[in-house]
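The values are calculated or read from the model by the stated rules, or taken from the named source; none is laboratory data. Everything numeric in this text was worked out from a predicted model, so none of it was measured. Note that we place each Cβ from the backbone using ideal geometry, even for glycine, and neighbour counts take in every protein chain shown.
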Amino acid sequence: MTRTKKIKYARISFEEMQSMSKAIALAFYRKYGAPEAIIYIERGGMVFGRLLSDYLGVSRLYGIRASLYSETNTMANRVHLEGMEALPKSWPKDKHVLIADDIADTGKTLNAVLAEAGKSIPNIVTATMLCKPRSIISPDLCGKTLDNNTWAIFDYEEAETNADFKKSGNKEGQDFMRKKYRVRSNARSRMRPAAGLSVK
C-alpha cells in the first residue's frame, strides 16, 4: 500500500464484520445452498471465513496463505501462495466452494487463489467483506464497497496497523488510530508480548 493513494481511513468494527458476514451468508445460501467447504485467505480472511462457517453450518475450512505485500507493506511483483497442496484433489460437481477474503483491494490476491483453486474445483463463489472499484476481480458477494483511496482498518489488526503507521511515519494514520482506537503514541511495539495493551 502506498500512502499517497490512501488519503482516507475507515474503521471496520467487529459488529460491522458480523453484520456483513450474516448478510453474505444468507445471500449465498439463498442462491447456492450450503457450500461444500470454505477456503479463506490468510490472514485477513480468517475471521470472515470463521464467521461464514458458523452462519452457514460448514465445518470444512481450509486456509491459504497468499501474500502480495512485503513485511514493509510494499507491493510485491507477484502473489505468493502457500497451502494449496492441502486442498482435496477432487470435489463434488453439484456443490459450491466459497473462497473468502477480507477485502478485494487490487484483487490480485483473490484472483491468484481463484485461478489456482479453479484447476480442481468445478464450482467456486468468491466473497469479501469489502471491495474497491479498482479491483481486477469483482467478488460474487461483497458486503460493502469502499473508495479506492480509503484504507480499511479491521478491529482485529489494531496493534499491527498502529505499529506499521509508526514505523512508516504515517502521521495521519496515527492520528486516526488515536481518535478511533484511543491508541497511545507510546504503545508498545507489536514485536513484544501483549502488543497494544494498556498496562497500569
Q) Can you name the number of the only condition in (1) among the polar types (S, T, N, Q); (2) part of a strand (DSSP E or B); (3) loosely packed, with under 13 Cβ neighbours inside 10 Å that T126 fails? A) (3)
Q: Could you tell me which of the residues S90, S53, S67 is among the small types (G, A, S) and over 17 Å from the mean Cα position of the chain (by Cα)?
A: S90
Q: Return the only residue of D94, D147, D102 being in contact (Cβ under 8 Å) with a residue 40 or more places away in the chain and either part of a loop (DSSP other than H, G, I, E, B) or basic (K, R) (or both).
A: D147
Q. Can you name every residue in segment 32-73 that is in contact with a Leu (Cβ under 9 Å, 6 or more places away or on another chain) and free of Cβ contacts under 8 Å to residues at least 12 places away in the same chain?
A. R50
(Q) When you scan segment 154-162, do you find a residue that is of a type in the set (S, T, N, Q), touching a helix residue (DSSP H, G or I) at 6+ places or on another chain (Cβ under 6 Å) and over 17 Å from K8 (Cβ atoms), even just one? (A) yes
Q: Test D140 against the stated conditions and say whether it is in contact with a helix residue (DSSP H, G or I) (Cβ under 7 Å, 6 or more places away or on another chain), among the charged types (D, E, K, R) and surrounded by 15 or more Cβ atoms within 10 Å (Cβ to Cβ).
A: no
Q: Output yes when any residue across segment 59-79 is surrounded by fewer than 15 Cβ atoms within 10 Å (Cβ to Cβ), at pLDDT 90 or above and part of a loop (DSSP other than H, G, I, E, B), and no when none is.
A: yes
(Q) Being out of contact with any Phe, Trp or Tyr (no Cβ under 8 Å at 6 or more places or on another chain) and either under 15 Å from I24 (Cα atoms) or assigned to a loop (DSSP other than H, G, I, E, B) (or both) is the filter here; which residues of segment 109-122 pass it? (A) G118, K119
